[in-house]
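Heads up, the thing below is written out as structure tokens.
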Amino acid sequence: MPLFQRDTTSIYYEIRGNGYPLLLLPPGGLRAGIDFWQRTAFNAPEVFAEDFRVIALDERNSNRSSGPLPGGNPWDAYLADHIGLLNHLGIEKCLVLGCCMGVSQVLRLLQAAPQRVAAAVLEQPTGIDEANRQTWANLWDQWANELLAQRPEIRAAEFEDFRSRMLAHDFVLSVSREAITRCKTPMLVLPGIDLLHPNSIGDEIARLAPNAERLEPWKEPAELLPATVAHIRTFLRKHTPSTPGS
């Protein structure tokens, strides 16, 4: 089982296909991992392994990955996991595709290490607005119950502290609007169309980012999906550097 070990954190990952590296940051909230791609509009690890060296992972404390609840800014801890995995694999620069909360992870990576990313695809970005704030709170309660049942050494008060730091900001949670306006990395944004993936969040990212392209509609009706996948593939190929990324 391929694992990247960093201190007391263990990240499970899978590599499929060949070509320029494409890092996938998964959907699923605190349960984000490889298996969740099967629940999305298209299964990115399978679809894009035809053209790229796809790196998929389970986030810490999800499925086959484990680690402590991060102190400080939790988004920085996840960022360190992602950069650490790239370093472990000898990848200096890559393409990135994130979905749902994975988009927030992508945006944090773009803010902290833009030189590591050639281009990014942002599939149905999640975020907090007034309409979904309570739904988010309910989901976090479910995640807390699951995690605390699996990790009896974690106290409920520790998780509450972690949650308050994870959700300390609104919008996409991981970065500010100002940070997105400074991000020059080419982006393809696929705005969401439901409560947890508000269309307004994706729309605002696309308007703020100076080199962003918006694809809409892309998800419904389902007949659009083959063209959507083709569009993403074309975007990624267009922004694949001529020199190797690993």
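Computed values, structure above
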| item | result |
| --- | --- |
| Odd one out for Gly102 among (1) open to solvent by less than 10 Å² (accessible area, probe 1.4 Å); (2) on the phi > 0 side of the Ramachandran plot | (2) |
| Residue check for Ile180: within 17 Å of Leu109 (Cβ to Cβ), touching a Leu at 6+ places or on another chain (Cβ under 8 Å), at pLDDT 90 or above and not small (Gly, Ala, Ser) | yes |
| Qualifying residue in region 62-77 (condition: more than 22 Å from Ala157 (Cβ to Cβ) and in a helix (DSSP H, G or I)) | no |
| Cβ pairs under 7 Å, 6+ apart, first in region 113-139 and within 18 Å of Ile205 (Cβ to Cβ) and open to solvent by 10 Å² or more (accessible area, probe 1.4 Å), second in a loop (DSSP other than H, G, I, E, B) and of a type in the set (Asp, Glu) | Ile128/Asp170 |
| The lone exception for Glu14 - which of (1) in contact with a helix residue (DSSP H, G or I) (Cβ under 7 Å, 6 or more places away or on another chain); (2) open to solvent by 10 Å² or more (accessible area, probe 1.4 Å); (3) touching a residue at least 60 places away in the same chain (Cβ under 8 Å); (4) not in a loop (DSSP other than H, G, I, E, B) it fails | (3) |
| Filter result (open to solvent by 50 Å² or more (accessible area, probe 1.4 Å) and assigned to a helix (DSSP H, G or I)) within region 17-33 | Arg31 |
| 2 or more residues open to solvent by less than 10 Å² (accessible area, probe 1.4 Å) and closer than 24 Å to Pro45 by Cα: qualifying helices (runs of 4 or more DSSP H) within region 145-246 | 225-238 |
| Flag if Ile55 is open to solvent by 10 Å² or more (accessible area, probe 1.4 Å) and over 21 Å from Gln150 (Cα atoms) | no |
| Residue, farthest from Val175 (Cα to Cα), within region 34-61, restricted to residues that are part of a loop (DSSP other than H, G, I, E, B) and touching a residue at least 60 places away in the same chain (Cβ under 8 Å) | Asp51 |
| Unique residue being closer than 20 Å to Arg237 by Cα, aliphatic (A, V, I, L, M) and part of a strand (DSSP E or B) when the list is Val106, Val96 | Val96 |
| Residue list for region 149-177, restricted to those being more than 19 Å from Met101 (Cα to Cα) and modelled with pLDDT of 90 or more | Asp161 |
| Single unsatisfied condition, Leu57 versus (1) touching a strand residue (DSSP E or B) at 6+ places or on another chain (Cβ under 9 Å); (2) of a type in the set (A, V, I, L, M); (3) over 30 Å from Pro152 (Cβ atoms) | (3) |
| Every pair of residues 6+ apart whose Cβ atoms lie under 6 Å, when the first sits in region 157-175 and is touching a residue at least 24 places away in the same chain (Cβ under 8 Å) while the second is among the charged types (D, E, K, R) | Ser174/Arg108; Val175/Arg108 |
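Yes/no per residue for (1) at pLDDT 95 or above; (2) over 11 Å from the mean Cα position of the chain (by Cα):
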site: Arg53; (1), (2): yes, yes
site: Ser62; (1), (2): no, yes
site: Leu69; (1), (2): no, yes
site: Tyr78; (1), (2): yes, no
site: His82; (1), (2): yes, no
site: Glu92; (1), (2): yes, yes
site: Gln115; (1), (2): yes, yes
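The values are calculated or read from the model by the stated rules, or taken from the named source; none is laboratory data. Since the model is a prediction, treat every value here as computed from it, not as a measurement. Positions of Cβ are generated from backbone atoms using ideal geometry, with glycine treated the same way; all protein chains shown enter the neighbour counts. Each accessible area value is taken on the protein alone, full model and side chains, heavy atoms only, with ligands, DNA and RNA left out. Shrake-Rupley method; radii C 1.70, N 1.55, O 1.52, S 1.80 Å.
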